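Report on the structure given below.
The values are calculated or read from the model by the stated rules, or taken from the named source; none is laboratory data. Small disclaimer: the values here were computed from a predicted structure and weren't measured. Reconstructed Cβ throughout: ideal geometry from the backbone, glycine too, with neighbour counts over all protein chains shown. To get the accessible areas, we keep the full protein, side chains included, count just its heavy atoms, and leave off ligands, DNA and RNA. Shrake-Rupley method; radii C 1.70, N 1.55, O 1.52, S 1.80 Å.
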Amino acid sequence: MHTIAVVDDDPITRETLRAYLEGEGYRVMLARDGDQLSALLARARIDLLLLDIRLPGKDGLAVTRDLRASSNIGIILITGRSDRMDRLIGLELGADDYITKPFEPREILARTRSLLRRVGGPAKPVGGRVKRFDGWELHLDKRRLRDPGGGDARLTSAEFDLLAAFVEHPGRVLSRDDLLDLTLRGDAVPFDRSIDRLVRRLRRVVEPDPAEPTRIVTVHGMGYMFQAAVD
């Protein structure tokens, strides 16, 4: 049984999500702020967080940053519709996904199931559209990256979308604007330097030496190019 922590300062939101997710067979733990979450993490194995950005004290962005420095726990941010920049920053900091209030519990369930499939359990054969490069396999439909040894490589949603843009346009110089158009959702705020940070993180996953990249290379004054052979 997967364990989900709902971290929100609104008791109605916490209890609504607990009742719905427990009805779907998940174990659910509740926290109203970052301190209570820390106490939960110290005593229980938690697979996924539903994390409100607007928390009292340490906000959800700070929680995401601190957790991602030491953990691969799944993180779905819960945001207001006006928090577009915060959503983008959250993805840069390592959140896997976000959902905006007001939300339908069924959408929370669908995103939760999808993320748990990506972050939990052993590697399994997957089908659908697959792009291959240098022994790596990017499963576009299943949103999964397999390393040359056959294991699952951990990517956030933003990192996956960026890698998908590269492997679908190999050998082509892509400007930051091109990459924003190819990767960000329609309600995201254009912020081209976010691409630079995502590229640095992605290089740490797929490059033998991130300091001397050979797959995702910088084309000075123009953007980036994926120069590995893709089939």
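Mind telling me which of the residues ASP86, ASP10 ends up being over 22 Å from SER114 (Cα atoms), open to solvent by 10 Å² or more (accessible area, probe 1.4 Å), in contact with a Ser or Thr (Cβ under 7 Å, 6 or more places away or on another chain) and in contact (Cβ under 8 Å) with a residue 12 or more places away in the chain? One residue alone meets the criteria, ASP86. Can you find a residue that is over 24 Å from ARG87 (Cβ atoms) and part of a strand (DSSP E or B) anywhere in segment 2-22? So far as segment 2-22 goes, yes, one or more of its residues are over 24 Å from ARG87 (Cβ atoms) and part of a strand (DSSP E or B). Restricting attention to segment 59-72, the residues that are closer than 20 Å to SER194 by Cβ and modelled with pLDDT under 85 add up to 2. The residues of segment 207-223 that are within 23 Å of ASP96 (Cβ to Cβ) and out of contact with any Asp or Glu (no Cβ under 8 Å at 6 or more places or on another chain), listed by number, are GLU207, PRO210.
Among the residues of segment 31-79, those identified as over 21 Å from ALA110 (Cβ atoms) and acidic (Asp, Glu) are ASP33, ASP35, ASP59, ASP66. Is it the case, given these coordinates, that ILE75 is of a type in the set (A, V, I, L, M), at pLDDT 90 or above and open to solvent by less than 50 Å² (accessible area, probe 1.4 Å)? Considered against the rule, which asks whether it is of a type in the set (A, V, I, L, M), at pLDDT 90 or above and open to solvent by less than 50 Å² (accessible area, probe 1.4 Å), ILE75 comes out as yes. Once segment 25-47 is narrowed to residues that are part of a helix (DSSP H, G or I) and of a type in the set (A, V, I, L, M, F, W, C), the residue that is nearest to ASP10 (Cα to Cα) is LEU37.
For segment 97-115, a tally of residues being of a type outside the set (S, T, N, Q), closer than 19 Å to ARG54 by Cβ and not in a helix (DSSP H, G or I) returns 6. Can you name the residue in segment 117-146 that is of a type in the set (A, V, I, L, M) and modelled with pLDDT of 85 or more and, of all such residues, is farthest from the chain's Cα centre (by Cα)? Checking each candidate, the answer is VAL130.
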